[in-house]
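J.: Sharing a structure below in structure tokens format, with a few things to ask.
The values are calculated or read from the model by the stated rules, or taken from the named source; none is laboratory data. No experiment lies behind these values; they were computed from the predicted model shown. Here the Cβ positions follow ideal geometry from the backbone for every residue, glycine too, while neighbour counts run over all protein chains shown. For accessibility, only protein heavy atoms count, side chains too; no ligands or nucleic acids. Shrake-Rupley method; radii C 1.70, N 1.55, O 1.52, S 1.80 Å.
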Amino acid sequence: MKLVKEFKDFAFKGNLIDMAVGIIIGGAFGTVMKSLVDDIFMPVLGLITGGVDFSDKYIALSKPEGFTPGMPIEAAEKTGAALLTYGNFISSLIAFLLVALAIFIVIIKLLGSLNKKEEEAPAKDPEPTNEEKMLELLGQIRDKIS
């Protein structure tokens, strides 16, 4: 029973729920970044490189019957050819770099600057202890009597 209680405490902690929400948002963020790379950056990169479409780039590791060099990836896969699709890798690498840049800017820079501002804020004077309060009151009484 102790194991069940420990698991229940772990499973329903706020941190676990926060982590689950973060994972779901991260998945959605990954989808947006993939679209950004595939639909925005790769066409621009293709235009810069003279109309090269990276999504169709591959190296055929085997050339079975029916395979002809330069055929589209879908057709080459139907022939059973083993393909090294480096164009997809380039797209994934760009997506990774964009996600890493976004995380760096948001988490490292933005949160770092927020933490720095908190550190720079002047510290409040600590509350006087009971002994210090008592000494102050005794000093005030002494001053009134004198």
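J.: So in region 36-83, with the set limited to residues that are touching a Leu at 6+ places or on another chain (Cβ under 8 Å) and of a type in the set (Phe, Trp, Tyr), which one is surrounded by the fewest Cβ atoms within 10 Å (Cβ to Cβ)?
T.: Step by step, filter region 36-83, then rank; the result is 41.
J.: Could you tell me which residue of region 17-35 is nearest to residue 88 (Cα to Cα), considering only residues that are of a type in the set (A, V, I, L, M, F, W, C) and open to solvent by 60 Å² or more (accessible area, probe 1.4 Å)? It would help to see each step written out before you state the result.
T.: Initial filter on region 17-35 (of a type in the set (A, V, I, L, M, F, W, C)): 17, 19-21, 23-25, 28-29, 32-33.
From what's left, open to solvent by 60 Å² or more (accessible area, probe 1.4 Å): 17, 19, 21, 23-25, 29, 32.
Working: 17: 34, 19: 30, 21: 29, 23: 24, 24: 24, 25: 24, 29: 19, 32: 17 Å.
Filtering region 17-35 for residues that are of a type in the set (A, V, I, L, M, F, W, C) and open to solvent by 60 Å² or more (accessible area, probe 1.4 Å), the one nearest to residue 88 (Cα to Cα) comes out as 32.
J.: Considering only helices (runs of 4 or more DSSP H) fully contained in region 53-146, which possess at least 1 residues that are among the aliphatic types (A, V, I, L, M) and within 30 Å of residue 41 (Cβ to Cβ)? I'd like the intermediate steps shown before the answer.
T.: Values: elements: 73-78, 86-103, 111-120, 130-145.
Result: 73-78, 86-103, 111-120.
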